[in-house]
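Worksheet for the structure shown next.
The values are calculated or read from the model by the stated rules, or taken from the named source; none is laboratory data. Fair warning: this is a prediction, and the values are worked out from it, not measured in the lab. Cβ placement follows ideal geometry from the backbone for every residue including glycine, while neighbour counts extend to all protein chains displayed. We work out accessible area using only protein heavy atoms, side chains counted, and drop any ligands, DNA or RNA first. Shrake-Rupley method; radii C 1.70, N 1.55, O 1.52, S 1.80 Å.
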Amino acid sequence: MRCSFCGRTENEVKLMMPGYNGCICNDCAEMAHNIVKEQLGKNEMAALDDINLDQIPKPIQIKEYLDEYVIGQESAKKYLSVAVYNHYKRLSQSKDDVDIEKSNIIIVGPTGTGKTLLAKTIAKLLKVPFAIVDATVLTEAGYVGEDIESLLVRLLAACDYNVAEAERGIVFIDEIDKIARKSDNPSITRDVSGEGVQQGLLKLLEGSVVNVPPQGGRKHPEQKMIAVDTKNILFICGGAFEGIERKIAMRLNTHVVGYGAGNHVSKAEQDKLLHYVAPQDLRSYGLIPEIIGRLPVVTNLEPLDREALRRILVEPKNAIVRQYEKLMKMDGIKFSVTDDALDFIVDKAIEYKLGARGLRSIFETIMMDAMYNYPSTKKKKFELTLDYAREQLDKSNFAIIASSL
């Protein structure tokens with residue numbers, strides 16, 4: 001056999017693939033694959049250059065999509081919907097005297113309220129590259145950890161290292177509060193994972209040409225850097241900012257701790273303090289003014305109440321109950337859960353202050369024995385009742401473990 005493209009025989013190549021009217025060798029097949037891939041990438045970029053806003057989901061439609069997966073958090077979903085839609089408009093803007101600048105966002109909310117879930121959900125809907133990165137691993141250049149530029153490696157990977165496409169993407173930086181300045185007092189030691197990282201992030205958020213290591217990190221110093229312009233990359237930051245309520249209360253002259261706290265503010269009002277979060281609170285917490293200035297849109301996620309937690313268990317498309325229904329169905333078992341059992345799980349999540357993430361922990365603990373035993377039995381039905389849930393949770397050490405967190 002002889003390759004119809006390069007003319008080499010099967011003895012000269014590793015693999016020869018016969019076709020209807022000829023053959024192709026592995027080298028020619030690989031070259032053809034790269035050409036097709038490159039051409040398709042150019043076609044996709046051409047399509048992005050001609051973004052038709054009529055085909056882009058409007059903010060209301062984006063929010064409706066988020067509603068299918070995320071319970072509550074109306075304010076944050078509106079902010080995100082508008083930000084994403086405006087990002088599309090920036091990409092399709094005509095070249096004239098008015099240049100629409102990007103509005104990076106920072107989301108403040110307690111753990112388990114849905115910051116990362118919002119980011120993952122909106123990523124499914126977008127027609128631009130989207131990457132979720134974690135700020136906790138970042139350090140200043142030259143120290144153990146990851147460089148700030150490595151944030152863009154995930155974005156490049158999301159679009160198969162198409163630089164032009166990555167320069168129009170969206171990056172969600174999670175745990176932004178973990179790089180807060182450790183102390184206002186000067187020290188002989190450097191704050192290499194706090195203020196130093198914030199200083200490094202400035203050029204990314206503002207917009208500049210950054211040299212990105214394609215393999216990430218500093219393990220390959222000989223690798224050729226990729227130049228990425230961050231001018232059109234939208235950055236969305238999220239963080240729990242544990243204890244920022246005290247900063248807000250001090251600014252509002254509201255007592256939340258100490259003697260007489262109950263006389264000035266109720267528990268419900270304490271939970272609503274995040275509604276009043278402002279840039280100066282973020283500065284008090286430890287973010288430097290330059291970073292805050294490059295995150296002009298500040299919004300918050302509300303603590304989840306009992307009703308919201310109850311809805312999270314059953315309503316979203318990927319609700320925990322629906323996931324277990326699917327898991328059991330794959331073994332031919334019909335799964336159901338009583339209302340009393342759901343209320344019990346919600347009450348425990350509130351008692352242990354674990355948020356929505358705690359719902360899954362409790363559910364997994366309760367279902368462990370059933371998931372272990374039922375696939376080996378011939379039973380075709382399983383109902384999760386209040387008595388079974390209480391028995392399984394008591395049998396485990398979950399209460400002791402949760403109380404020690």
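By accessible area, using a 1.4 Å probe on protein heavy atoms only, the chain has 51% of its surface on carbon and sulfur.
Given the -39500 (n - 2.57) contribution per DSSP H run of 4+ residues, what per-residue ellipticity at 222 nm results for the chain, rounded to the nearest 500 deg cm²/dmol?
Details: 18 runs with 182 residues, N = 405.
For the chain, the value works out to -13000 deg cm²/dmol.
Once you sort the root eigenvalues of the Cα gyration tensor of the stretch 52-153 as a ≥ b ≥ c, which label holds: rounded (a/c under 1.5), prolate (a/b larger than b/c) or oblate (the other case)? Because a/c hits 1.5 or more and a/b fails to exceed b/c, the stretch 52-153 counts as oblate. In order along the stretch 347-359, the Karplus-derived 3J(HN,Hα) couplings, from 6.51 cos²θ - 1.76 cosθ + 1.60 at θ = phi - 60°, round to 4, 5, 5, 5, 4, 8, 6, 9, x, 5, 5, x, 4 Hz, and Gly and Pro are given as x. Reducing the stretch 333-383 and the stretch 284-328 to their Cα centroids gives an inter-centroid distance of 21 Å. Largest GNM mean-square fluctuation across 104, 253, 232, computed for the chain with C-alpha springs under 10 Å, falls on 253.
Derived scalar couplings between HN and Hα for the stretch 364-379 equal 4, 5, 5, 8, 4, 5, 5, 5, 7, 8, 4, x, 8, 9, 9, 5 Hz in order, rounded to whole Hz, by the Karplus curve 6.51 cos²θ - 1.76 cosθ + 1.60 (θ = phi - 60°), x for Gly and Pro.
Loop only by DSSP, 15 or fewer other Cβ within 10 Å of the Cβ. Give me the GluC sites (Glu not before Pro) in the stretch 9-41 that pass, ordered by residue number. Don't jump to the answer; show the numbers that get you there.
Details: sites: 10, 12, 30, 38; in loops: 10, 12.
In loop regions of the stretch 9-41 (DSSP not H, G, I, E or B), the sparsely surrounded GluC sites (Glu not before Pro) are 10, 12.
Accessible surface of residue 326, taken over heavy atoms with a 1.4 Å probe and every protein chain present, rounds to 140 Å².
Please work out the average accessible area per residue across the chain, using the 1.4 Å probe convention, and give it in Å².
Values: 22720 Å² over 405 residues.
Result: 56 Å² per residue.
Looking at the stretch 304-351, none of the GluC sites (Glu not before Pro) sits in a DSSP loop with at most 14 other Cβ atoms within 10 Å of its own Cβ. The listed residues 371, 16, 250, once ranked by accessible area (1.4 Å probe) with the largest placed first, stand as 250, 371, 16. What share of the DSSP beta bridges in the chain is antiparallel, in percent to the nearest 5? Looking only at bridges with both residues in the chain, the antiparallel portion is about 25 percent.
For the cross-link pairs 178/224; 37/58; 127/353; 334/395; 124/348; 58/95, which exceed 28 Å when the distance is taken from alpha carbon to alpha carbon?
Working: 178/224 31 Å; 37/58 31 Å; 127/353 37 Å; 334/395 25 Å; 124/348 32 Å; 58/95 23 Å.
Long pairs (Cα-Cα over 28 Å): 178/224; 37/58; 127/353; 124/348.
Compared with the direct C-alpha span, the chain from residue 383 to residue 143 gains 81.1 nm at full extension, assuming 0.36 nm per residue.
Are there GluC sites (Glu not before Pro) in the stretch 78-150 that DSSP marks as loop and that have at most 13 other Cβ atoms within 10 Å, and which are they?
Values: sites: 101, 140, 146, 149; in loops: 101, 140.
Those satisfying the criteria are 101.
Return the FRET efficiency for the residue pair residue 15, residue 307: r is the Cβ-Cβ distance, R0 is 60 Å, and the value is rounded to the nearest 0.05.
0.45
Just to confirm my numbers, what's the Cα centroid distance between the stretch 196-212 and the stretch 104-179 in Å? About 13 Å separates the Cα centre of the stretch 196-212 from the one of the stretch 104-179. Of the labelled figures (i) 5, 24, 36, 28, 7, 0; (ii) 4, 17, 22, 23, 18, 11, 4, 1, 0, 0; (iii) 4, 21, 29, 25, 15, 5, 1, 0, only one reflects P(r) over Cα pairs in 10 Å bins from 0, in percent as derived from the coordinates, namely (ii).
The GNM of the chain, with springs linking C-alpha atoms under 10 angstrom apart, assigns the highest mean-square fluctuation among 284, 94, 150 to 94.
Counting charges near residue 87 (Lys, Arg +1; Asp, Glu -1) among other residues having Cβ under 10 Å from its Cβ returns a value of +4.
Residue order by solvent-accessible surface for 330, 367, 225 is 330, 225, 367, largest first, with ligands and nucleic acids left out and a 1.4 Å probe. Within the listed set 194, 293, 114, the Gaussian network model of the chain (springs between alpha-carbon atoms below 10 Å) gives the highest mean-square fluctuation for 293.
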